[in-house]
């Protein structure tokens, strides 16, 4: 199958399964406008699974270059389920998708981000995966904390969610949190709180000490996310 054929197949299948009532319900989870057919995330991913299998059965298996092109095309359209489908196809190419050469591809796609769901899929899974395998690249996302683009500021935090969960990049985590502590964009605040919560799983003492020092600077929603999983005694200490 050619790239246009793959894209066309996904679009046709998504439209056939459209659920207008569900689409209205999904829009309530976003403060920004979104384009959606009203499918669930698993249904969106299944669109990618189906076309990947179909191409293979036809003896025209999708390769990585084609998967990148398909995902780029669908991401540019910004329709929720189509984006999930594209990334599901791309996800078939592990570990190549975490190679350093993919960093520029993924960061280039940040221009297509228009909602938190697509931001987090791109950053936490794909950009974060590349950084986890290529630690020197972490310095590339640090300037995002100064961006006027809310998605880049959120991405500075969410790109390190999975590495932080494993105990990596503590210095960078605290740098990002400190740099964004006065930010009052709700989605950025939640991203920073999420990052601190994950980092605390391996570095509880350091994160708690950081929060004790800077808690007066953060929005309440950031703190609520950050201390959500902490033991009650530490949570109460931070709330005092």
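Per-residue answers, yes or no, for (1) surrounded by fewer than 20 Cβ atoms within 10 Å (Cβ to Cβ); (2) modelled with pLDDT of 95 or more; (3) within 21 Å of residue 108 (Cβ to Cβ):
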| residue | (1), (2), (3) |
| --- | --- |
| 9 | yes, yes, no |
| 12 | yes, yes, no |
| 62 | no, yes, yes |
| 65 | yes, yes, yes |
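Anything in region 26-41 that is modelled with pLDDT of 95 or more and loosely packed, with under 13 Cβ neighbours inside 10 Å? List them, or say none.
Result: no residue meets the conditions.
Give, as residue ranges, the helices (runs of 4 or more DSSP H) completely inside region 50-149 that count at least 3 residues that are over 23 Å from residue 194 (Cα atoms). Outline the logic, then answer.
Details: elements: 64-77, 80-90, 102-108, 116-120, 128-133.
By residue number, 64-77, 80-90, 102-108.
So, in region 98-114, exactly how many residues are more than 13 Å from the chain's Cα centre (by Cα), closer than 24 Å to residue 80 by Cβ and surrounded by 15 or more Cβ atoms within 10 Å (Cβ to Cβ)?
Matching residues across region 98-114 total 2.
The values are calculated or read from the model by the stated rules, or taken from the named source; none is laboratory data. What you see is a predicted model; the values in this text were computed from it and never measured. Note that each Cβ is placed from the backbone with ideal geometry, even for glycine, and that neighbours are counted across all protein chains shown.
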